[in-house]
1. Run G399 past the list (1) surrounded by 14 or more Cβ atoms within 10 Å (Cβ to Cβ); (2) modelled with pLDDT of 85 or more; (3) within 19 Å of L303 (Cβ to Cβ) and report the number of the one that doesn't hold.
2. Regarding A139, is this residue buried (at least 17 other Cβ atoms within 10 Å of the Cβ), at pLDDT 85 or above and either among the β-branched types (V, I, T) or not assigned by TED's automatic domain parsing to the domain that holds N224 (or both)?
3. Out of all the residues in segment 45-58, is one or more closer than 16 Å to R107 by Cα and either of a type in the set (V, I, T) or outside any helix (DSSP H, G or I) (or both)?
4. Which one is farthest from G427 (Cα to Cα), of the residues in segment 307-319 that are modelled with pLDDT of 70 or more and either surrounded by fewer than 13 Cβ atoms within 10 Å (Cβ to Cβ) or of a type in the set (K, R) (or both)?
5. Which numbered condition in (1) under 21 Å from S295 (Cβ atoms); (2) at pLDDT below 90 is the only one that L369 fails?
6. When you look at G397, is it assigned by TED's automatic domain parsing to the domain that holds S435, at positive phi and not hydrophobic (A, V, I, L, M, F, W, C), yes or no?
7. Taking segment 199-244 as the search range and keeping residues that are modelled with pLDDT of 65 or more and hydroxyl-bearing (S, T, Y), which one is farthest from S183 (Cα to Cα)?
8. Can we say A162 is of a type in the set (A, V, I, L, M, F, W, C) and closer than 17 Å to G43 by Cα?
Amino acid sequence: MRVRLRGLRLGTRLVLGLGVLALVVFAAVGTVMATSMRSYLDGKLDEQMRLTQVAETETVKTYGNVKKVPQGWYSIVFAVQDGTAELKSGDRPKDVDDLSRIALEARGGDVYRTVHLYDEGTYRVRACAVVDGLVLVSAAPTGDRDSILRQLVGLEVVVFLAALIAFVLVGRGVLRRGLRPLSDMADTAHNITTHDLTDSGRLPVRASGQGGGVEVEELRTAFNTMLDHIDSSLAARTAAEQRLRRFVADASHELRTPLTSLRGYADLFRYAAANEPEEREAHLERMRAEAARMSVLLDDLLLLARLDSAEAETPLRKQDVDLGELASDAASAFTAAHPDHPLTTDLGPSPVRLRADPMRLRQVLDNLLTNAAVHTPSGTAVSLTVFRTGVVVADSGPGIPDADLARVFDRFYRVDDSRARKRGGSGLGLAVVDSLVAAHGGVVELSSEPGRTAFTVRLDGV
């Protein structure tokens, strides 16, 4: 039975539960009404017998019998003596044993009983002592009372049954209307299964509609919030997959270029070794340069991978460092490597103490300075400014187009792809800067306009 109920819809189970509850309530009310009516009718009949017996008391005292008896009643006078009751006068029914016992009980006061007389039916009995040794017992039939009670019970059954049917029908309609928003949300959930989310980054399904009460509205809001979260997660997953595909494609492309060069220089070296020995060193030097370029690229890729998995392995070795000293060393290396870009330094208040990885922080400065030299014409002025919680690297070059500002920190992204490749850039320098600064708890800010491009590294959390 319980398994069958579990298989029913929620609305049907609620209607059945309410119907059973209403049935129990109606049965309780009907029982109380019938019992109250029976008590009321018994009280009226008892009062009628009392008045009749009071009127006949003098007659019994004088003559020892009853003169006037209502039709259908029995009025009997018993002589009670030595624990026995002997019928003295009056109309007697076929069964007087119950009446005799009631007469014996009346010696202590008036007695009311309901008895069933053999072959007569049910009677309401009242016994009272008239004088010493005489007890008047009156028995009135309860047929009228029982008829009224049967009519009342029948009327209750009809009325309560009609009320129960109306209650169930109305309750079913109200519940169906109230649960309709839940059905709509269920349809929305089923609709999700019709969408292919394998490659889709969006989940356009939402639970719509209004009504249903505060609780249903809260459920609808929570349901849509969950769908929004799934939608954003799908979008993030799709974007991550696209970035991964682009990253793998760009990495393959970047690695293919030096490998192709190495293969070509190896063929030239073999040819030179056989035909032009004096060119072997030049080809060998080019092979070393391409190998070094590929090594730098692989080092950057490995560093980014370690930074991405920083929760499992911390790639930083932090210690107390002086940012001004690191900036001074980076400025000296830049001046030696790029003499065609005049550098202005402002080391600020010295020392600027930070808790950081000196090698990685130096790499940040070198990458920013190299980026300024690689992507600006010869003779462009570059500045390096140190302040209390960071550093600013700026140049007076042509600036970065607005369309590229949001993507300059993406991996393998180049503002000018062809020019950057000729100058040896891999598109990973600024990505490494952004990841290293983030690993230190800082941020990199970029502002650019024609005549000034500035990268501001803020290490407030270091």
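The values are calculated or read from the model by the stated rules, or taken from the named source; none is laboratory data. Values in this document were obtained by computation on a predicted structure and should not be read as measured data. With ideal geometry, Cβ positions are generated from the backbone for all residues, glycine too; neighbour counts draw on all protein chains shown.
1. For G399, the failing item is (3).
2. Working: buried (at least 17 other Cβ atoms within 10 Å of the Cβ): yes; at pLDDT 85 or above: yes; either among the β-branched types (V, I, T) or not assigned by TED's automatic domain parsing to the domain that holds N224 (or both): yes.
Considered against the rule, which asks whether it is buried (at least 17 other Cβ atoms within 10 Å of the Cβ), at pLDDT 85 or above and either among the β-branched types (V, I, T) or not assigned by TED's automatic domain parsing to the domain that holds N224 (or both), A139 comes out as yes.
3. Within segment 45-58 (the criterion being closer than 16 Å to R107 by Cα and either of a type in the set (V, I, T) or outside any helix (DSSP H, G or I) (or both)), the answer is yes, since at least one residue qualifies.
4. Let us first name the residues in segment 307-319 that are modelled with pLDDT of 70 or more, namely 316-319.
Next cut, either surrounded by fewer than 13 Cβ atoms within 10 Å (Cβ to Cβ) or of a type in the set (K, R) (or both) only: 317-319.
Details: R317: 25, K318: 27, Q319: 29 Å.
By that ranking, first place goes to Q319.
5. Against the list (1) under 21 Å from S295 (Cβ atoms); (2) at pLDDT below 90, L369 comes up short only on (2).
6. On the way: assigned by TED's automatic domain parsing to the domain that holds S435: yes; at positive phi: no; not hydrophobic (A, V, I, L, M, F, W, C): yes.
Criteria not met by G397.
7. By that ranking, first place goes to T238.
8. Numbers: of a type in the set (A, V, I, L, M, F, W, C): yes; closer than 17 Å to G43 by Cα: no.
In short, no.
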